[in-house]
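Each remark here refers to the structure printed beneath this line.
The values are calculated or read from the model by the stated rules, or taken from the named source; none is laboratory data. What you are looking at is a predicted structure, and each value in this text was computed from that prediction instead of being measured. No Cβ is skipped: glycine too gets one built from the backbone with ideal geometry, and neighbour counts run over all protein chains shown.
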Amino acid sequence: MGYYVPYIVLVACICLMSLRLSTPKLVRWVILPLCVIGVAVFWYKDDNFHRELAMSRSIGQQDWEQVLKTAKGVKGEPTRAICMMQNLALFRLGKRNDEMFMYPNGAARPNAPFPMRTVHTYGKMLYLQYGVLNYCYRWCMEDGVEYGWTVERLRLMAQCSLLNGEYVAAQRFLNLLKKTDFHKGWAKEHEALLYRPALFAQNPELGPILPLLRSDNFLTADQSQEELFLIEQILSSPGATREQQELARFTMRYYRHNRYKLVEQ
């Protein structure tokens, strides 16, 4: 609910402005209905979109049970982003064998008038969670240059740098985050890990990623087809760890019969 507060305040301010006594009656009775109608009509109602946002937020908070709860209530066919996040949660909780068939599977197209690829939305976070750090960092850098630097990208790049042992780069990203109002606490917590890799395993965000980290260091082209690339690259390259291969094989249940759909994702 807290994430909706700014929008509620904005709408409330518009409504209060329209009710001021100094405002002509005609204007008051036009602005208020238009505001209400505008919110009701133009509010983005795509269920998959809102679930993707909620699941991504839950992963950031390491609340894997909430990820599954959100995925289970999906209406209609889910997007691959929802399925990938749900599969990741099942893997992290050790429920992939017991509950994997209890959740919907699919590849619904995002409700947008233009092509949307997972790698441009939640893909960077998923690359990090799969232990494929170079691709997370690469896409953060590309999107940062093209669309601007966001807190999400800086946090992901800081985590990649820490896990790669690139502490000078990590310090730069953490310094930028320490200048923010709402993320300085997170930055200081991760700054305490600098040059102390032994503490990584105790960190709730970085610890579970350690077993997935590859023994090699490569960067090729994923053609913006993240899930397809993850499965084929992990299972075909010798640098993948056993845990990473298990995660890739777990996602193969959809891949086997729907590879052509993954090309579009």
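Residues are listed down the side, and each one gets a yes or a no for (1) of a type outside the set (V, I, T); (2) outside any helix (DSSP H, G or I); (3) within 14 Å of the chain's Cα centre (by Cα); (4) at pLDDT 90 or above:
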position: A40; (1), (2), (3), (4): yes, no, no, no
position: Y44; (1), (2), (3), (4): yes, yes, no, no
position: N48; (1), (2), (3), (4): yes, no, yes, yes
position: R51; (1), (2), (3), (4): yes, no, yes, yes
position: M55; (1), (2), (3), (4): yes, no, yes, yes
position: L68; (1), (2), (3), (4): yes, no, no, yes
position: G76; (1), (2), (3), (4): yes, yes, no, no
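Does Q86 fit the bill of being out of contact with any Phe, Trp or Tyr (no Cβ under 8 Å at 6 or more places or on another chain) and either of a type in the set (S, T, N, Q) or buried (at least 23 other Cβ atoms within 10 Å of the Cβ) (or both)?
In short, no.
Inspect all residues belonging to the range 118-128 and state whether any of them is of a type outside the set (S, T, Y) and in a loop (DSSP other than H, G, I, E, B).
No: zero hits.
Residue by residue through the range 86-100, note down the ones that are out of contact with any Lys or Arg (no Cβ under 9 Å at 6 or more places or on another chain) and hydrophobic (A, V, I, L, M, F, W, C).
Of all residues in the range 86-100, those out of contact with any Lys or Arg (no Cβ under 9 Å at 6 or more places or on another chain) come to 88, 91-99.
Across the range 86-100, the qualifying residues are L88, F91, L93.
F200 - would you say it is part of a helix (DSSP H, G or I), aromatic (F, W, Y) and under 16 Å from G131 (Cα atoms)?
The answer is yes for F200.
Would you check if Y122 is over 19 Å from R249 (Cα atoms) and not assigned by TED's automatic domain parsing to the domain that holds L177?
Working: over 19 Å from R249 (Cα atoms): yes; not assigned by TED's automatic domain parsing to the domain that holds L177: yes.
When the stated conditions are applied, Y122 passes them.
Examine the range 189-198 for a residue that is within 22 Å of S56 (Cα to Cα), outside the structural domain of A169 (by TED's automatic domain parsing) and touching a helix residue (DSSP H, G or I) at 6+ places or on another chain (Cβ under 8 Å), and state whether such a residue exists.
no
Could you please give the count of residues in the range 167-196 that are closer than 27 Å to T118 by Cα and assigned to a loop (DSSP other than H, G, I, E, B)?
The number of residues fulfilling the criteria is 2.
Count, please, the residues in the range 198-236 that happen to be of a type in the set (S, T, N, Q) and either exposed (fewer than 14 other Cβ atoms within 10 Å of the Cβ) or in contact with a His (Cβ under 6 Å, 6 or more places away or on another chain) (or both).
Residues in the range 198-236 being of a type in the set (S, T, N, Q) and either exposed (fewer than 14 other Cβ atoms within 10 Å of the Cβ) or in contact with a His (Cβ under 6 Å, 6 or more places away or on another chain) (or both): 6 in total.
Does the range 129-142 hold any residues that are without any contact (Cβ under 8 Å) to a residue 12 or more places away in the chain and either among the hydroxyl-bearing types (S, T, Y) or part of a loop (DSSP other than H, G, I, E, B) (or both), and which are they?
Matches in the range 129-142: none.
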